[in-house]
Amino acid sequence: MDAKITVVGQRKSIFNHFISELRDHEIQQDRLRFRKNLFRCSQILAYELSKFIEYEVKEIETTLGSLEIDVIKEQPVLVSILRAGVPMHNGFLDYYDHADNGFVSAFRKHAGGGKFTVQIEYLAMPSVENETLVLLDPMIASGKTVVLTNQAIIPAQGHPKKIFIVCIIASEEGLEYVRRHCPSAHIIVGAIDDELTAKSYIVPGLGDAGDLAFGSKTSG
């Protein structure tokens, strides 16, 4: 069974306005604005996630009376892949402010000829046993990073009852790879691009989200 996919980006949507600024190479020169747009896109994706988590009825007392209303039954565990995942993580924390949090250090180790392996250096994680696990990564290119992260977490940190993988932009090829290797996950994606280069960069994509948000790096 393949993973379920929910695509958020639609025409005439404020989400598309934010993602257009993320892609625009002139607007990208402003790192603060780039991080802000990652944050704003993430808030919209966090709202989309809210449609699939569990709720319970709670009675609320107001100054003039009372009513019953649906509230979140339990907070998810938010796990972001460093470093580009930091602004995205903050966007989700704005909605799920009592969530437990995890962080994963993953990077590409290039071997020449466009080939690379994904290496995970460490995980800083709470238990995810019987929890709702939300993996956050702005880009799914080849899909290898998200898959390896999911495999590193489970079963080392427990077996979650639900898994969501959330990204802003993904390639068709990367999504198919994730669907095959994480069949129990529900993928929420902002936009899907058709092309993936030989070096596993999304076209048109937006470039390297980590570099655009925090500056260029000398390795990885």
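The values are calculated or read from the model by the stated rules, or taken from the named source; none is laboratory data. Because the structure is predicted, anything quoted here is derived from the model rather than measured. A quick note on method: Cβ atoms are made from the backbone with ideal geometry, for glycine too, and the neighbour counts reach across all protein chains shown. Accessible surface areas use protein heavy atoms only, side chains included; no ligands, DNA or RNA. Shrake-Rupley method; radii C 1.70, N 1.55, O 1.52, S 1.80 Å.
Apart from one condition, D193 fits all of (1) in contact with a Leu (Cβ under 7 Å, 6 or more places away or on another chain); (2) modelled with pLDDT of 95 or more; (3) open to solvent by less than 20 Å² (accessible area, probe 1.4 Å); the exception is (1). Those strands (runs of 3 or more DSSP E) of the stretch 96-204 in which 1 or more residues are within 18 Å of the chain's Cα centre (by Cα), touching a residue at least 24 places away in the same chain (Cβ under 8 Å) and closer than 21 Å to F39 by Cβ occupy 100-112, 132-136, 162-171, 185-193.
If you check N130 against the conditions, is it over 26 Å from R40 (Cβ atoms) and at pLDDT 95 or above? Spell out how you get there, then give the answer.
On the way: over 26 Å from R40 (Cβ atoms): yes; at pLDDT 95 or above: yes.
Yes; evaluated as a whole, the condition is true for this residue.
Taking the condition open to solvent by 40 Å² or more (accessible area, probe 1.4 Å), hydroxyl-bearing (S, T, Y), in contact with a Lys or Arg (Cβ under 9 Å, 6 or more places away or on another chain) and more than 17 Å from S184 (Cβ to Cβ), does T145 pass? The answer is no for T145. All conditions in (1) open to solvent by 70 Å² or more (accessible area, probe 1.4 Å); (2) at pLDDT below 95; (3) of a type in the set (V, I, T) hold for V104, with the sole exception of (1). Of the residues making up the stretch 75-84, those that are farther than 16 Å from I163 by Cβ and either in a loop (DSSP other than H, G, I, E, B) or open to solvent by less than 10 Å² (accessible area, probe 1.4 Å) (or both) are R83, A84.
Looking only at the stretch 179-194, how many residues end up being in contact with a Ser or Thr (Cβ under 8 Å, 6 or more places away or on another chain), over 15 Å from K51 (Cβ atoms) and of a type outside the set (V, I, T)?
Here is the first cut: in the stretch 179-194, the ones in contact with a Ser or Thr (Cβ under 8 Å, 6 or more places away or on another chain) are 186-189, 192-194.
Filter once more, keeping what is over 15 Å from K51 (Cβ atoms): 192-194.
Going one step further and asking which of them are of a type outside the set (V, I, T), we end up with 193-194.
Final tally of qualifying residues: 2.
For the stretch 4-25, state whether one or more residues are of a type in the set (F, W, Y), within 18 Å of I187 (Cβ to Cβ) and in contact with a His (Cβ under 7 Å, 6 or more places away or on another chain). Steps first, please.
In the first step, residues of the stretch 4-25 are kept if they are of a type in the set (F, W, Y); the result is 15, 18.
Those left that are additionally within 18 Å of I187 (Cβ to Cβ): 15.
Within this subset, residues satisfying the condition of being in contact with a His (Cβ under 7 Å, 6 or more places away or on another chain) are none.
No, the stretch 4-25 has no match at all.
Having 3 or more residues that are open to solvent by 60 Å² or more (accessible area, probe 1.4 Å) and either of a type in the set (D, E) or touching a Ser or Thr at 6+ places or on another chain (Cβ under 7 Å) (or both) is the bar; report the strands (runs of 3 or more DSSP E) wholly within the stretch 1-74 that clear it. Lay out the reasoning, then the answer.
On the way: elements: 4-7, 55-61, 66-72.
Per the criteria, 55-61.
Scan the stretch 154-178 for residues that are over 22 Å from S50 (Cα atoms) and either among the acidic types (D, E) or surrounded by fewer than 23 Cβ atoms within 10 Å (Cβ to Cβ) (or both) and the total you get is 9.
Could you tell me whether G207 is surrounded by fewer than 20 Cβ atoms within 10 Å (Cβ to Cβ) and either in contact with a His (Cβ under 9 Å, 6 or more places away or on another chain) or free of Cβ contacts under 8 Å to residues at least 24 places away in the same chain (or both)? Steps first, answer last, please.
Details: surrounded by fewer than 20 Cβ atoms within 10 Å (Cβ to Cβ): yes; either in contact with a His (Cβ under 9 Å, 6 or more places away or on another chain) or free of Cβ contacts under 8 Å to residues at least 24 places away in the same chain (or both): yes.
So G207 passes the test.
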